[in-house]
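The values are calculated or read from the model by the stated rules, or taken from the named source; none is laboratory data. Just so it is clear, the structure is predicted and the values come from calculations on it, not from any experiment. Cβ placement follows ideal geometry from the backbone for every residue including glycine, while neighbour counts extend to all protein chains displayed. These accessible areas exclude ligands, DNA and RNA; they are computed on the full protein's heavy atoms, side chains included. Shrake-Rupley method; radii C 1.70, N 1.55, O 1.52, S 1.80 Å.
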Amino acid sequence: MLCLGMEGTAHTLGIGLVDSSGRVLANTKSEYRPAKGGIHPREAAQHHGAALADLLLETLKDSGISLGQIDLVAFSRGPGLGPCLRTVATAARLLSIRLGVPLVGVNHCVAHVEIGKLTTGATDPVTVYVSGGSSQILAFIGGRYRVFGETEDVALGNALDTFAREVGIEEFPGAKKVEQLAKAGRYVPLPYVVKGTDLSFSGIVTHAVELHRAGAKVEDLCFSIQEVCFSMLTEVAERALAHTEKDELLLTGGVAANQRLREMLGIMCDERDCRFSVVPREYAMDNGAMIAWNGILMYQAGQAIDPADSAVMPKWRTDQVDALWVKH
Amino acid sequence: MGQALTAIAKGAEADLYSARFSDVFFTTSTFREVIIKRRVPKGYRIPELDLQIRTQRTVAEARILAEARRIGANVPAVLGVWRKHCVLVMERIEGTRLKELLNTEVEGRLDACREAGRQLGILHRGGIVHGDPTTSNMILRNRDVYLIDFGLAEFSDSVEKRAVDVHLLKTAMASTHFHLFSAYYSSALEGYESQMGKDASTVLDRLSEVEKRGRYVER
């Protein structure tokens with residue numbers, strides 16, 4: 001069985017082709033880049049709408065697959081930016097009806113975990129999913145991926161990007177530049193905000209920006225904001241491992257590219273004798289292959305939907321999805 | 001003091017030891033046994049931040065325990081805080097954990113549940129949330145229920161956090177003591193309401209929201 005997966009929850013439009021053995025035949029993307037500032041939802045949706053047909057044709061051409069070979073269409077149903085979700089969902093419904101194949105609506109966050117399991121061989125991990133739009137610690141318990149800890153306000157990637165913009169770093173996304181500058185920095189105290197198992201990043205950004213206005217060095221703030229935020233995340237990840245008694249940790253999402261975050265989670269896992277895997281960058285960023293793969297898993301578990309009943313779910317929570325395909 | 005310490009638990013954040021009071025303080029007291037809680041350094045954190053976090057938490061836990069005692073809750077007495085080494089010395093509460101008690105056929109289990117709920121109510125009314133009030137963290141000594149392990153506790157009047165506390169107690173009762181769950185839980189609520197009065201219903205309303213989100217589900 002061959003599934004076409006379409007991702008479009010935020011600034012990335014992704015298309016993937018995956019078969020039921022887990023082989024990825026194509027994984028292409030087109031990214032919306034704001035001229036300045038953060039993502040504008042309408043502009044991102046317009047980008048997806050304009051780029052979709054060409055990207056699909058390119059994907060088919062590169063993989064040598066014809067539309068007629070596709071057995072299933074999956075799309076990112078949520079959570080995400082409404083205009084982006086609707087644009088991509090419309091295309092997915094049209095393809096499903098036109099090709100006469102079933103349609104599956106995939107949860108973006110769950111798809112990140114499933115592609116992580118597929119590409120790293122992890123079987124039952126605690127997952128740290130950190131990106132521009134999400135920061136969650138997840139574990140499969142009682143039929144669903146439960147949220148063991150999450151941000152109370154902005155996501156980690158968003159916090160780092162916002163901080164970067166506020167202190168005059170021009171690149172987008174700024175988190176990458178923050179990592180570079182941090183190498184030359186020293187620690188200045190910042191608030192450390194873990195509330196039980198929840199995290200909060202926005203106050204840290206505000207505080208760091210205030211210190212910058214008061215004359216603190218950008219390098220020091222880059223170093224400190226990373227140390228504090230990553231320590232918070234690692235602490236909650238460790239608590240989730242202890243609580244669930246699982247012995248695998250999976251790191252995914254755009255922020256997974258950060259070497260210091262990997263190092264910290266790696267040390268924590270070593271100290272606990274826990275297996276640590278990082279999802280390869282191509283599959284850690286938003287991508288179409290993860291939607292296609294989770295689409296196959298859901299379809300095989302009988303979770304296809306009727307196009308007439310496939311409205312997008314911008315606030316769809318990870319723990320609202322019955323993961324019927326997971327067998328433990 | 002080496003041999004006098006017995007390791008009793010290793011948590012994600014701290015190691016726990018028990019010892020005789022006289023072996024720690026070189027004098028006798030009505031407290032015979034003590035618990036020593038040491039927050040351990042974490043290799044993944046830079047040393048400055050590591051020390052900042054462990055010190056703050058040790059001091060905060062001592063403050064919360066002291067305040068809880070002041071407002072009349074049954075909690076271990078703080079006997080010493082060694083700030084520099086992130087060590088807390090507390091009274092050891094001898095007795096039966098509620099978790100074990102509720103699984104055995106003994107008299108007075110419903111009274112113990114009522115008392116557990118009442119203790120949680122005292123904390124909440126006094127501006128403290130426990131953070132992990134499962135039946136593993138409740139000990140019956142004579143007829144009193146003591147709350148222990150304030151590692152996740154904080155000063156807070158948040159309805160959400162109170163609801164999560166109640167939820168954690170409820171879940172612990174449901175998961176370990178299935179057949180008698182509803183009797184246990186209604187006794188606990190009775191005790192809770194006796195302290196919280198009208199505020200209890202606000203918390204219970206929020207509880208149903210918390211449960212719908214399904215994030216604190218136990219295995």
* To do: Restricting attention to the range B:149-186, report how many residues are touching a residue at least 24 places away in the same chain (Cβ under 8 Å), surrounded by fewer than 22 Cβ atoms within 10 Å (Cβ to Cβ) and either of a type in the set (S, T, N, Q) or not in a helix (DSSP H, G or I) (or both).
  => 10
* Output the residue which, of all residues in the range B:8-45 that are touching a Gly at 6+ places or on another chain (Cβ under 9 Å) and of a type outside the set (A, V, I, L, M), is nearest to B:GLU94 (Cα to Cα). => B:LYS37
* Structure fact -> The number of residues in the range B:37-64 that are more than 10 Å from every other protein chain (Cβ to nearest Cβ) and closer than 15 Å to A:GLU238 by Cα is 2
* Considering only residues that are under 22 Å from the mean Cα position of the chain (by Cα) and aliphatic (A, V, I, L, M), look in the range A:44-77 and name the one that is farthest from A:LEU4 (Cα to Cα). => A:ALA44
* **Which numbered condition A:TYR187 misses (of (1) more than 9 Å from every other protein chain (Cβ to nearest Cβ); (2) open to solvent by 10 Å² or more (accessible area, probe 1.4 Å))** => (1)
* Structure fact -> Filtering the range A:274-328 down to residues that are assigned to a helix (DSSP H, G or I), crowded, with 19+ Cβ neighbours inside 10 Å and polar (S, T, N, Q) yields A:ASN294, A:THR318
* **Unmet criterion (only one of (1) acidic (Asp, Glu); (2) open to solvent by less than 50 Å² (accessible area, probe 1.4 Å); (3) within 14 Å of chain A (Cβ to nearest Cβ); (4) touching a Phe, Trp or Tyr at 6+ places or on another chain (Cβ under 9 Å)) for B:GLU67** => (3)
* **Residue in the range A:203-224 that is over 18 Å from the mean Cα position of the chain (by Cα) and at the interface with chain B (Cβ under 10 Å from one of its Cβ atoms) present** => yes
* **Residues within the range A:116-149 that are modelled with pLDDT of 90 or more, touching a Lys or Arg at 6+ places or on another chain (Cβ under 9 Å) and of a type in the set (Phe, Trp, Tyr), tallied** => 1
* Asked: Taking strands (runs of 3 or more DSSP E) that do not extend beyond the range A:79-157, which have at least 3 residues that are within 14 Å of another protein chain (Cβ to nearest Cβ) and either touching a residue at least 60 places away in the same chain (Cβ under 8 Å) or of a type in the set (S, T, N, Q) (or both)?
  -> A:135-141, A:144-150
